[in-house]
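Notes follow the structure.
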Amino acid sequence: MVGGTQIPVRACAFCYEVHHKDANGFESLELESWFCHTHCYYQALLTSGNLSMKTNQGLVKEVIRMRQKHYQPEYIQNRRNKLLSNIHSGKYKIIRKTYGEPPENEKVR
C-alpha cells in the first residue's frame, strides 16, 4: 500500500503477472480479459480450446513449445497465489474492464 491506499494494478489473465495500471497490454474482447503480451493471449486461446490445430498447426506447436519453456504450471500457480494474497491483504486493487450490453440507441440491428 502507498500511504494507506491500494495500488491500482492490472493482472494478466493468463500468467498473473502484475503491471502498473498504465502498462502496455491489451484487452481481448473475445476472452473478455487483459493480457500483458500476445504470448499470454495465445496461451489462453490454447487453454480455452479456441486455437485450432487444424488451421494453425505451426502456431500451436510454437505456443506449446513456449509453454514448456516459459509457462510451467508451478510458476504460474505461485504468481496466482501471490496476486490473490496481495488482493486479500488490500495491497492491490485490480483494474478490470466490464463488458456489457450497449445502450439501446447503440445496438446494431
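Pairs under 8 Å by beta carbon, first residue under 16 Å from residue 41 (Cα atoms) in the stretch 63-91, partner among the β-branched types (Val, Ile, Thr) and outside any helix (DSSP H, G or I), six or more apart or different chains?
If the second residue must be among the β-branched types (Val, Ile, Thr) and outside any helix (DSSP H, G or I), no pairs are left.
Quick one: in the stretch 12-41, which of the residues that are in contact (Cβ under 8 Å) with a residue 24 or more places away in the chain and in contact with a helix residue (DSSP H, G or I) (Cβ under 9 Å, 6 or more places away or on another chain) is nearest to residue 93 (Cα to Cα)?
Here the residue is 18.
Identify all residues within the stretch 18-35 that are closer than 20 Å to residue 87 by Cα, surrounded by 12 or more Cβ atoms within 10 Å (Cβ to Cβ), at pLDDT 90 or above and not polar (S, T, N, Q); write none if there are none. Break it down stepwise before answering.
Our first condition is that a residue be closer than 20 Å to residue 87 by Cα; within the stretch 18-35, this holds for 18-23, 33-35.
Keeping just the survivors that are surrounded by 12 or more Cβ atoms within 10 Å (Cβ to Cβ) gives 18-19, 23, 33-35.
If we keep only those that are at pLDDT 90 or above too, we end up with 18-19, 33-35.
Within the stretch 18-35, 18, 19, 34, 35 qualify.
If we keep just the residues of the stretch 1-11 that are part of a loop (DSSP other than H, G, I, E, B) and in contact with a Lys or Arg (Cβ under 6 Å, 6 or more places away or on another chain), which is farthest from residue 93 (Cα to Cα)?
1
Condition (residue is exposed (fewer than 13 other Cβ atoms within 10 Å of the Cβ), at pLDDT 90 or above and acidic (Asp, Glu)) applied to the stretch 81-101: is it met by at least one residue?
No, the stretch 81-101 contains no residue that is exposed (fewer than 13 other Cβ atoms within 10 Å of the Cβ), at pLDDT 90 or above and acidic (Asp, Glu).
Of everything in the stretch 20-36, what is closer than 14 Å to residue 97 by Cβ and in a strand (DSSP E or B)? Give them in sequence order.
Within the stretch 20-36, 26, 27, 28, 33, 34, 35 meet the criteria.
Scan the stretch 52-69 for residues that are touching a helix residue (DSSP H, G or I) at 6+ places or on another chain (Cβ under 8 Å) and modelled with pLDDT of 90 or more and jot them down.
Selection gives 59, 60, 63, 64, 66, 67.
Of the residues in the stretch 39-67, how many are exposed (fewer than 13 other Cβ atoms within 10 Å of the Cβ) and either more than 19 Å from residue 12 (Cβ to Cβ) or charged (D, E, K, R) (or both)?
Looking only at that region, the number is 9.
Search the stretch 46-58 for residues that are closer than 13 Å to residue 30 by Cβ and free of Cβ contacts under 8 Å to residues at least 40 places away in the same chain and pair each with any residue that is among the aliphatic types (A, V, I, L, M) and part of a helix (DSSP H, G or I) when their beta-carbon atoms are under 8 Å apart and the residues are at least 6 apart or on different chains.
Cβ pairs passing all conditions: 51/45; 51/59; 51/60; 51/63.
The values are calculated or read from the model by the stated rules, or taken from the named source; none is laboratory data. Predicted, not measured: the structure shown is a model, and the values here were computed from it. Methodologically, a virtual Cβ is constructed for each residue, glycine included, from the backbone with ideal geometry; neighbour enumeration extends over all protein chains shown.
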